[in-house]
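The values are calculated or read from the model by the stated rules, or taken from the named source; none is laboratory data. Computed from a predicted structure; not experimentally measured. Neighbour counts are summed over all protein chains in view; Cβ atoms, including those assigned to glycine, are modelled from backbone coordinates with ideal geometry.
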Amino acid sequence: MIESREEQTKNAPKRSRKTTVKHNKEKQPGPLHRVEYRFPKEFPFWARLKIGKNRTTLVIDEDLAYNKKTKKYEDGFVNREATHQYRKDYKPVIPNPDSEDTEPMFLKRPTKKPKKLFKPHNKKLNMPTELKEMYAKNNKK
């Protein structure tokens, strides 16, 4: 029994796109270019930490930070992550910088991370005056 061309294609196993279509893309030199972000010049400011879920963090100072991948020290930020969980050693932020959020916000202890792990925050968050006064001294370096 001779099958028509349409029946042959219906019954034939499906091929991957790679084998059926040739891609004529130009090769790009090396890895993708890293995006350079612009941060405010005065501390403190809100940023996103690009680890995990782009967590909100308060950047309070600039310092050398240890990069675990390259095992070298490089330029970094001193930051305090924001969370909704309460613990004794977390500092409450009053009023909450995010006006849409009803839950109270707390800041974790300061840590140092390389600058390339941060990006500007996508929301307009208010800076409580208490935090401004506390970290304004870091601008005088």
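Mind telling me which of the residues 83, 70 ends up being surrounded by fewer than 12 Cβ atoms within 10 Å (Cβ to Cβ) and either within 19 Å of residue 53 (Cα to Cα) or out of contact with any strand residue (DSSP E or B) (no Cβ under 6 Å at 6 or more places or on another chain) (or both)?
70
For residues that are farther than 15 Å from residue 44 by Cα and not polar (S, T, N, Q), scanning just region 110-131, find the one that is surrounded by the most Cβ atoms within 10 Å (Cβ to Cβ).
Out of the qualifying residues, it is 113.
Of (1) outside any strand (DSSP E or B); (2) out of contact with any helix residue (DSSP H, G or I) (no Cβ under 9 Å at 6 or more places or on another chain), residue 92 satisfies all except one. Which?
Evaluating residue 92 over (1) outside any strand (DSSP E or B); (2) out of contact with any helix residue (DSSP H, G or I) (no Cβ under 9 Å at 6 or more places or on another chain) leaves (1) as the failure.
Which ones in region 74-89 are touching a residue at least 12 places away in the same chain (Cβ under 8 Å) and over 20 Å from residue 43 (Cβ atoms)?
83, 84, 85, 86, 87, 89
Taking region 78-137, which residues are over 29 Å from residue 35 (Cα atoms) and among the small types (Gly, Ala, Ser)?
99
Quick one: is residue 80 in a loop (DSSP other than H, G, I, E, B), under 23 Å from residue 137 (Cα atoms) and modelled with pLDDT of 95 or more?
In short, no.
Out of all the residues in region 35-66, which are polar (S, T, N, Q) and surrounded by fewer than 16 Cβ atoms within 10 Å (Cβ to Cβ)?
Scanning region 35-66 gives a single hit, 54.
Give region 95-138 a look and list any residue that's in a strand (DSSP E or B) and either touching a residue at least 60 places away in the same chain (Cβ under 8 Å) or at positive phi (or both), or say none.
Passing the criteria: 113, 118, 119, 120.
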